[in-house]
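J.: Submitted below is the structure of interest, expressed as structure tokens.
The values are calculated or read from the model by the stated rules, or taken from the named source; none is laboratory data. Since we're looking at a predicted model, the values are computed, not measured. All Cβ positions, even for glycine, are placed from backbone atoms using ideal geometry, and neighbour counts span all protein chains on display. Quick note on the areas: whole protein, heavy atoms, side chains included, nothing else; ligands and nucleic acids left out. Shrake-Rupley method; radii C 1.70, N 1.55, O 1.52, S 1.80 Å.
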Amino acid sequence: MTDISVNGLVKSFELGKNILDGLTFDITEGERVGILGHNGCGKTTLFRILVGEIDYDDGTVVIASGKRIGLISQIPVYPDGWTTEDVLKDAHRNLYAISDRLEKLAAQMETDCSDKLLQEYDRLSEDFRRLGGYDMEFNRNRVANGLDIPQYMREQPFDSLSGGERTRVNLARLILENTDILLLDEPTNHLDLRATEWLEEYLLHFKGTVLAISHDRFFLDRIAQRCIEISEGAAEFYSGGYSFYVEERQRRFEEKLKKYEKDQAKIEQLTRAAEQMHLWAFMGNDKLHKRAFSMEKRIAKLNQTERPREAKKLTAKFSTRDFSGDEVMVCEGVSKSFGEKKLFSNLDLTVAGGERIALIGDNGTGKSTLVKLIMQKEAPDSGYLYLGPSVRPAYLPQIIEFNHPERSLVDTMLYDCRCQPQEARDRLGAFGFRGEDVFTPVGALSGGEKSRLRLCMLMGSDINLLILDEPTNHLDIASREWMEDALCDYPEALLFVSHDRYFIEKFATRIWHLENGVITDYRGSYSEYREFAARQAVFAQNSKTEQKKKEPQPKKKSSPNAEKQRAKLEKEIEKLEARISELDRESEEFSSNYQKLMELDDEKSLLNDRLMEIYEAWEALC
């Protein structure tokens, strides 16, 4: 059954420029599909059309009858004074309506027991049970805990939450509503690793249909069964997750390039042949003109094929400064608190040259604070932290700000990086800022564009300690790949805070996991750390189980009935053991009678099974 059918969809916001130009695809019930494409290609526009938020110019959009569709980026307006808990409860508004009606019916039935009231009460009671009315509170707590919505946030007014917190709450509400079709627009942007993994597990077991726009490549690999790329307003289909998409896209590009080059060679060959035939025709054979004209038509058709274009790679590289010394950074006995909230205490860490460290952990554990301590933007409450004398650090913060937001991109490069105009234009172009874009005021840039510009500025500095705080948070996939290209050739020490598991796996050779004020320092890749953490969790669980077994259990006084039952079982055990001993003697007696031995063994096997059952029952009574 088809849940979503889009055929020939056309949408434009500017006259003569279609952002969606004949987009066509079908999504079957229960599919999980990743929607890919560069920023501005129309992915979010498509989602807004699917939920009916905006209209389209041409084509058809059909949603299966009776299917409920929900968009995560679309946050409804709630009544004034609603708390986060009120928003979560709103997902169960139908169940609360049934509950209210049941209470009214129960009150009416105290004086009126008509069949009509009884039938309505029975029907609504069954609907309440079937729709999960008795599990409402449990499910609310389960989803809120999974998406990192703590109790204090649930008590806050919804209007007081940040944009990221509202997005998480809205996602929780959609999940609790049991929406049939989920449209997720960057769902992991405001989630930490734990919450992202919880969402992945939920989606993998979700019975409905999922369409996800995401720049989180690890997330797409886990949840997407296939991918649809929106390119030049049309759809390209890939029957796998993100990794399959990358390989298949490259294969298709190479195939198109080969065909294009083959066509160009054919054009050259046909052009020479047509010219020769025109020449021969002037020598008296007019029929050759006709053949030459036919060749020229074929040449014109082949010339319609454009050369396939590959995404431009980053050409700029980090300028590095040689590191001399034993230690890049030393941290001893460092503690930090804000009021009564203690982030961490007695941290002891050492970083050597060339190490690549990923600092991971849940939101609010103090990762960004630790980075600020290293950059001396915050002071520790106790202990000390210092950098080696030859260390020259560079820092890309999570929130980018510029001292002069009115300056253009190129002027910012000229003033802050002290480079020549052509060098400034070249470096900006390498980061996707081309043409008139370089004259845009930096204050008008989006969060992702500011990150790209700051990274572009850092690349001109001589550094040997690079610190990145959520470097890929606002970047699209192409920009993430540009950053990765640059970092691949960066040989010095790297410390980064990230929830991007694809990025972490690619670069980290050491993991710092900050949890409950303690850093677990693991030397290895992210995938190796996950295996290590899973083993540690099993060991911890086994230790708890063993400890529980060792704890003295309170003795229960046997009831008279239990005593009688135990005595009865002991008598039966004696009888069975006696009969088994007798069978052993008979087996020796009939050792040469194969048929008799088989009969004795069968009886003995049955008696042994029965004896084990009685032993278990006897142990339970004891």
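J.: Residues in the range 130-160 that are within 29 Å of residue 447 (Cβ to Cβ) and either open to solvent by less than 50 Å² (accessible area, probe 1.4 Å) or not charged (D, E, K, R) (or both): how many?
T.: Residues that pass the stated criteria total 15.
J.: Now for a separate question. Which one of these is in contact with a Leu (Cβ under 6 Å, 6 or more places away or on another chain), assigned to a strand (DSSP E or B) and in contact (Cβ under 8 Å) with a residue 12 or more places away in the chain: 22, 34, 8?
T.: When all the criteria are applied, what remains is 34.
J.: Given the criteria more than 15 Å from residue 185 (Cβ to Cβ), open to solvent by 70 Å² or more (accessible area, probe 1.4 Å) and either aliphatic (A, V, I, L, M) or in contact with a Phe, Trp or Tyr (Cβ under 8 Å, 6 or more places away or on another chain) (or both), does residue 10 qualify?
T.: no
J.: Specify the residue that is farthest from residue 357 (Cα to Cα); the eligible residues are those in the range 482-508 that are among the acidic types (Asp, Glu), open to solvent by 10 Å² or more (accessible area, probe 1.4 Å) and more than 17 Å from the chain's Cα centre (by Cα).
T.: Per the stated criteria, the residue is 485.
J.: Collect the residues in the range 339-386 that are without any contact (Cβ under 8 Å) to a residue 60 or more places away in the chain, in a strand (DSSP E or B) and hydroxyl-bearing (Ser, Thr, Tyr), keeping them in residue-number order.
T.: Selection gives 350, 382, 384, 386.
J.: Could you please let me know if residue 43 is of a type outside the set (A, V, I, L, M, F, W, C) and within 23 Å of the chain's Cα centre (by Cα)?
T.: Criteria met by residue 43.
J.: Check residue 163 against each of (1) surrounded by fewer than 11 Cβ atoms within 10 Å (Cβ to Cβ); (2) farther than 22 Å from residue 73 by Cα and name the one condition it does not meet.
T.: Only one criterion in (1) surrounded by fewer than 11 Cβ atoms within 10 Å (Cβ to Cβ); (2) farther than 22 Å from residue 73 by Cα is unmet by residue 163, namely (2).
J.: Continuing with this model, one more query. Anything in the range 39-65 that is touching a helix residue (DSSP H, G or I) at 6+ places or on another chain (Cβ under 9 Å) and either modelled with pLDDT under 90 or outside any loop (DSSP other than H, G, I, E, B) (or both)? List them, or say none.
T.: Residues satisfying the conditions are 39, 53, 61, 63.
J.: Under 6 Å between Cβ atoms, which residue pairs at least 6 apart in sequence (or on different chains) link something in the range 424-440 that is in contact (Cβ under 8 Å) with a residue 40 or more places away in the chain with a partner that is crowded, with 19+ Cβ neighbours inside 10 Å?
T.: Between residues of the range 424-440 that are in contact (Cβ under 8 Å) with a residue 40 or more places away in the chain and residues that are crowded, with 19+ Cβ neighbours inside 10 Å, the close pairs are 427/456; 430/314; 431/452; 431/456.
J.: Given the residues 462, 469, which is the only one that is in contact with a Ser or Thr (Cβ under 6 Å, 6 or more places away or on another chain), among the acidic types (Asp, Glu) and surrounded by fewer than 20 Cβ atoms within 10 Å (Cβ to Cβ)?
T.: 462
J.: Report yes if some residue within the range 547-567 is at pLDDT 75 or above and surrounded by 10 or more Cβ atoms within 10 Å (Cβ to Cβ); otherwise report no.
T.: Checked the range 547-567: no residue is at pLDDT 75 or above and surrounded by 10 or more Cβ atoms within 10 Å (Cβ to Cβ).
J.: Scan the range 504-520 for residues that are among the hydroxyl-bearing types (Ser, Thr, Tyr) and at pLDDT below 90 and jot them down.
T.: Residues satisfying the conditions do not exist here.
Residue-by-condition table, conditions (1) out of contact with any Pro (no Cβ under 6 Å at 6 or more places or on another chain); (2) at pLDDT 90 or above; (3) crowded, with 19+ Cβ neighbours inside 10 Å:
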position: 386; (1), (2), (3): yes, no, no
position: 389; (1), (2), (3): yes, no, no
position: 403; (1), (2), (3): yes, no, no
position: 407; (1), (2), (3): yes, yes, no
position: 413; (1), (2), (3): yes, yes, yes
position: 416; (1), (2), (3): yes, no, no
position: 420; (1), (2), (3): yes, no, no
position: 440; (1), (2), (3): yes, yes, no
position: 446; (1), (2), (3): yes, no, no
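J.: Within the range 246-257, is even one residue farther than 27 Å from residue 26 by Cα and part of a helix (DSSP H, G or I)?
T.: Yes.
J.: Just to be sure, is residue 86 in a helix (DSSP H, G or I), closer than 17 Å to residue 174 by Cα and charged (D, E, K, R)?
T.: yes
J.: Hey, among the residues in the range 59-109 that are of a type in the set (Asp, Glu) and open to solvent by 40 Å² or more (accessible area, probe 1.4 Å), which one's nearest to the chain's Cα centre (by Cα)?
T.: 86
J.: If you don't mind, there's one more thing I want to ask. Can you tell me which residue in the range 251-304 is least open to solvent (accessible area, probe 1.4 Å), limited to those that are touching a helix residue (DSSP H, G or I) at 6+ places or on another chain (Cβ under 7 Å) and closer than 25 Å to residue 236 by Cα?
T.: Taking the candidates together, the pick is 263.
J.: Name every residue in the range 472-481 that is open to solvent by 10 Å² or more (accessible area, probe 1.4 Å) and of a type in the set (A, V, I, L, M), in order of residue number.
T.: Within the range 472-481, 477, 478 qualify.
J.: Just wondering, is there one or more residues in the range 191-204 that are free of Cβ contacts under 8 Å to residues at least 12 places away in the same chain and not aromatic (Phe, Trp, Tyr)?
T.: yes
J.: Now for a different question. Do you know which residues across the range 40-58 are within 14 Å of residue 7 (Cβ to Cβ) and either aromatic (Phe, Trp, Tyr) or open to solvent by less than 70 Å² (accessible area, probe 1.4 Å) (or both)?
T.: The answer is 46, 49, 50, 56.
J.: I'd like the residue in the range 37-71 that is hydroxyl-bearing (Ser, Thr, Tyr) and touching a residue at least 12 places away in the same chain (Cβ under 8 Å) and, out of all such residues, is farthest from residue 241 (Cα to Cα).
T.: Ranking the candidates gives 56 first.
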